[in-house]
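Only one structure is covered here, and it is reproduced in the block below.
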Amino acid sequence: MIRKQKAFMSHRDLGRLPAPGTTSGRALATCWLLIPVVLFGMSSAAIRVFGAQASPRIPLSAVKNREPLQPGAFNPLPLTSIKPTGWLRRQLQIQADGLTGHLDEFWPDVGANSGWLGGTGENWERGPYYMDGLVPLAYLLDDPRLIAKANKWIEWTLTHPSPDGSIGPANNQDWWPKMVMLKALTQYQEVTGDPRVIPLMEKYFHYQAAHLGEQPLRDWGKFRWADEVVSVIWLYNRTGDESLLDLARALRRQGHDWRAEFADFPFKAKTSKAQLMAEPGEGLADLALSAHGVNNAMALKTSAVWSLVSGDASDRTAAAEQLYTLDEYHLLPNGMFSCDEHLAGEDPSQGSELCSVVETQFSLEEMIGILGTPELGDRLERIAYNALPATFTNDMWAHQYDQQPNQVECSLYQRDWATNGRESNVFGLEPNFDCCTANLHQGWPKFAASLWMATPDDGLAAVAYGPSVMETVLKGVPVQVDESAEYPFREEIRLTINPAQPAAFPLELRIPGWAQQASVTVNSKNVEGVRPSAFYRIERQWTKGDQVVLRFPMPVWTSRWYHNSVVVERGPLVFALRIGAKWTKLTQGMNKPAPVPAADWEVEPTTPWNYGLILPGGGLPSSLKVIEKPIGDFPFSADGAPVEIMTEGRRLPDWKLVDGSAGPMPVSPVSSQEPVETLTLIPYGSAKLRITAFPALDN
Ligand SMILES: [Zn+2]
């Protein structure tokens, strides 16, 4: 079976999204009343105690959009409504035991002298980036040590606003880093109910509204304005202060017009340094920032977010078109678009920056809530379960700046990146540039926190799958859903629905586009009408212990990519050749060798990689066998890969290493007279060296 799967989202499908306003514009009064008053009545001292302890939490309802905002297709649940379990919790614990849980102990940019802690050190984006991931990780794990670390930063921001309402270090008035800290503050408020957050944000937004005229958005903030609008909307939904919507409009007026850029998209091939530097501004001119990977990742949400304010159906269509256009010219098999660090075309030896991975995930999480499109969930899983784990060492103590789908060596060569330097694909503390070191932390926790959302009619939607326990309040009834699964490695997902008392509410289940044979049972009875690329809706009275079992059969299949190459897939996982790897700690060669306990690593192949796949009749790979293994302590490691696919290939002697990367991809089909060999494929995220896009053999 061969499917051309490259465009994960059909823009035609997305063009048929329901027009905004056609769903009920129910006001948010119900959910607002459900937020426990007790939290808002607490003293700040009590809040500090509350926040610093790993304590059971009262379930909260989702907050809906307040009119005149358009309703979202789904409403996000407050942070910690969803707690990861099983392998997903272990993965978050790996992160806590790795860089995220220790970075502040040895990395000066987020150390005790940070400007965001009142010191004289780094005073720009690093501290806020770290908080945007540490806050959700700490509270999802209920880890008192991490909660104390995060609260130190939040506490400084809450207690050190300027008299005029500005926040952050007084010696840096760039709007951009404050946009990031606002995201951290909203997450912190959702989980603690700290009564100081909302007044601080109100005052800050009034301050900004008064000063945007004399100090307009520039460079990063100008291109990332939609991320601030997310926080403005968050606050408006809680206060109803209509001047906030005026602020949102002002941000849009001053911000980059992404919709116009994509209506006449200029970056249809790999960009070059010369092209981008033609405009003066040392990379901060509009041309370079428009083609910048992380800006594009963050901008994916722009038109969807703006549609909530504008009420314009064409903004919803534009959001889909933007993703579709990036797919058309820059999509890679791991679900990411290429950006190393500017848009870089479809060659699987190009890279994607880690910041762009975590920011694309966050954009997709926001977009699903607004647009409700199931394909966005497929894409989110494809990135979170492939691109995200692939770019870290197993223990999450080191990361890459750029990952490559075909990554056969990680070393200090100047690869054929669009603009990046020679450190970009080694694993380390701060390879190439240190933005990712600060920003990597949000990837896993925000994904775990987004698995479930609330429907507009007070039900639940499973927008992505992973082992977890969800607790919320629906129509006044506390409801728990226990999701028992080894997804994405296994086919079955078991949901146990536990309302505190029998309750009627809808349950919407995303059926992935690849799950052609999906089936759903409710208390062991098959239900009718389950189809892929849709939300399957169950309306019934639920009682404690009701069981919903989803089966998503995962046959192995292939998709076609750059130069007609072949990618092997199974469920949401992309598979790649397992290549023997020799890891060598770098003691010199990087600009700044990593301080202990972090380290920088080169990785060399110890086994061949230049294989073509045997595809009898052009279909499935030959002699294919799937082996499922227990999910170990490190699910995304080459040795602990929970699934292996055995297949066959032949070497292609002319396909050689060029400057540390797999050389030019031959156009398939290709021929080889080399002997047939058995190849082991493992999940992309487990394979730190890999071939993902294979030439297809004609023999
Ligand atoms: Zn980065």
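The table below lists the values:
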{"item": "Close pairs from the range 633-646: first closer than 22 Å to W557 by Cα, partner among the aromatic types (F, W, Y) and assigned to a loop (DSSP other than H, G, I, E, B), Cβ under 6 Å, at least 6 apart", "result": "P642/F489; V643/F489"}
{"item": "Failed criterion for S524 (all others in (1) at positive phi; (2) touching a helix residue (DSSP H, G or I) at 6+ places or on another chain (Cβ under 7 Å) hold)", "result": "(2)"}
{"item": "Verdict on G240 being within 25 Å of V110 (Cβ to Cβ) and either touching a residue at least 24 places away in the same chain (Cβ under 8 Å) or open to solvent by 10 Å² or more (accessible area, probe 1.4 Å) (or both)", "result": "no"}
{"item": "Within the range 269-298, considering residues that are at pLDDT below 95, open to solvent by 20 Å² or more (accessible area, probe 1.4 Å) and among the small types (G, A, S), the one nearest to G351 (Cα to Cα)", "result": "S272"}
{"item": "Filtered residue count, the range 675-688, keeping only those that are touching a Phe, Trp or Tyr at 6+ places or on another chain (Cβ under 9 Å) and in a loop (DSSP other than H, G, I, E, B)", "result": "2"}
{"item": "Matching strands (runs of 3 or more DSSP E) fully within the range 527-616 where at least 2 residues are open to solvent by 20 Å² or more (accessible area, probe 1.4 Å)", "result": "534-542, 546-551, 581-585, 601-605"}
{"item": "Hits in the range 376-395 - residues which are touching an Asp or Glu at 6+ places or on another chain (Cβ under 8 Å) and surrounded by fewer than 24 Cβ atoms within 10 Å (Cβ to Cβ)", "result": "D395"}
{"item": "Test: residue in the range 441-453 that is away from the ligand (no atom under 16 Å from the Cβ), among the polar types (S, T, N, Q), touching a strand residue (DSSP E or B) at 6+ places or on another chain (Cβ under 8 Å) and over 30 Å from H292 (Cβ atoms)", "result": "no"}
{"item": "Test: residue in the range 356-365 that is under 22 Å from S272 (Cβ atoms) and in contact with a strand residue (DSSP E or B) (Cβ under 8 Å, 6 or more places away or on another chain)", "result": "yes"}
{"item": "Residues located in the range 409-457, provided they are among the β-branched types (V, I, T) and under 23 Å from F362 (Cα atoms)", "result": "T437, T455"}
{"item": "Y465 open to solvent by 10 Å² or more (accessible area, probe 1.4 Å), touching a residue at least 24 places away in the same chain (Cβ under 8 Å), more than 16 Å from the ligand (Cβ to nearest atom) and outside any strand (DSSP E or B)", "result": "no"}
{"item": "Condition met for S349 (open to solvent by 10 Å² or more (accessible area, probe 1.4 Å) and not in a helix (DSSP H, G or I))", "result": "yes"}
{"item": "Set N432, N425: member being within 16 Å of the ligand (Cβ to nearest atom), open to solvent by less than 10 Å² (accessible area, probe 1.4 Å) and farther than 30 Å from R540 by Cβ", "result": "N425"}
{"item": "T472 open to solvent by less than 10 Å² (accessible area, probe 1.4 Å), among the hydroxyl-bearing types (S, T, Y) and within 16 Å of the ligand (Cβ to nearest atom)", "result": "no"}
{"item": "Number of positions in the range 362-375 that are open to solvent by less than 10 Å² (accessible area, probe 1.4 Å) and within 14 Å of the ligand (Cβ to nearest atom)", "result": "0"}
{"item": "Subset of the range 491-518 [open to solvent by 40 Å² or more (accessible area, probe 1.4 Å) and more than 22 Å from T85 (Cβ to Cβ)]", "result": "Q501, P502, A504, Q516, Q517"}
{"item": "Test: L354 is in contact with a His (Cβ under 6 Å, 6 or more places away or on another chain) and either open to solvent by 30 Å² or more (accessible area, probe 1.4 Å) or of a type outside the set (F, W, Y) (or both)", "result": "yes"}
{"item": "Where a residue in the range 98-116 is closer than 14 Å to H399 by Cα and its partner, wherever it lies, is not hydrophobic (A, V, I, L, M, F, W, C), with Cβ under 6 Å and at least six apart", "result": "G98/D395; T100/H441"}
{"item": "Selection status of P488, open to solvent by less than 20 Å² (accessible area, probe 1.4 Å), part of a loop (DSSP other than H, G, I, E, B) and either in contact with a Pro (Cβ under 6 Å, 6 or more places away or on another chain) or over 29 Å from K629 (Cα atoms) (or both)", "result": "yes"}
{"item": "Scan of the range 407-422 for residues that are away from the ligand (no atom under 16 Å from the Cβ) and of a type in the set (G, A, S), ordered by number", "result": "S411"}
{"item": "Meets criteria (within 25 Å of G335 (Cα to Cα), open to solvent by 30 Å² or more (accessible area, probe 1.4 Å) and not β-branched (V, I, T)) for F634", "result": "yes"}
{"item": "Residue match in the range 386-404 (condition: over 25 Å from W306 (Cα atoms), among the aromatic types (F, W, Y), within 13 Å of the ligand (Cβ to nearest atom) and modelled with pLDDT of 95 or more)", "result": "yes"}
{"item": "Hits in the range 301-343 - residues which are within 16 Å of the ligand (Cβ to nearest atom) and in a loop (DSSP other than H, G, I, E, B)", "result": "M336, S338, D340, E341"}
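Yes or no, residue by residue, for (1) buried (at least 24 other Cβ atoms within 10 Å of the Cβ); (2) in contact with an Asp or Glu (Cβ under 8 Å, 6 or more places away or on another chain):
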position: A318; (1), (2): no, no
position: L332; (1), (2): yes, yes
position: M336; (1), (2): yes, no
position: T360; (1), (2): yes, no
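The values are calculated or read from the model by the stated rules, or taken from the named source; none is laboratory data. It should be emphasised that the depicted structure is a prediction, and the values quoted were computed from it without experimental measurement. We place every Cβ from the backbone using ideal geometry, glycine too, and count neighbours over all the protein chains shown. Side chains included, ligands, DNA and RNA excluded: accessible areas come from the protein's heavy atoms. Shrake-Rupley method; radii C 1.70, N 1.55, O 1.52, S 1.80 Å.
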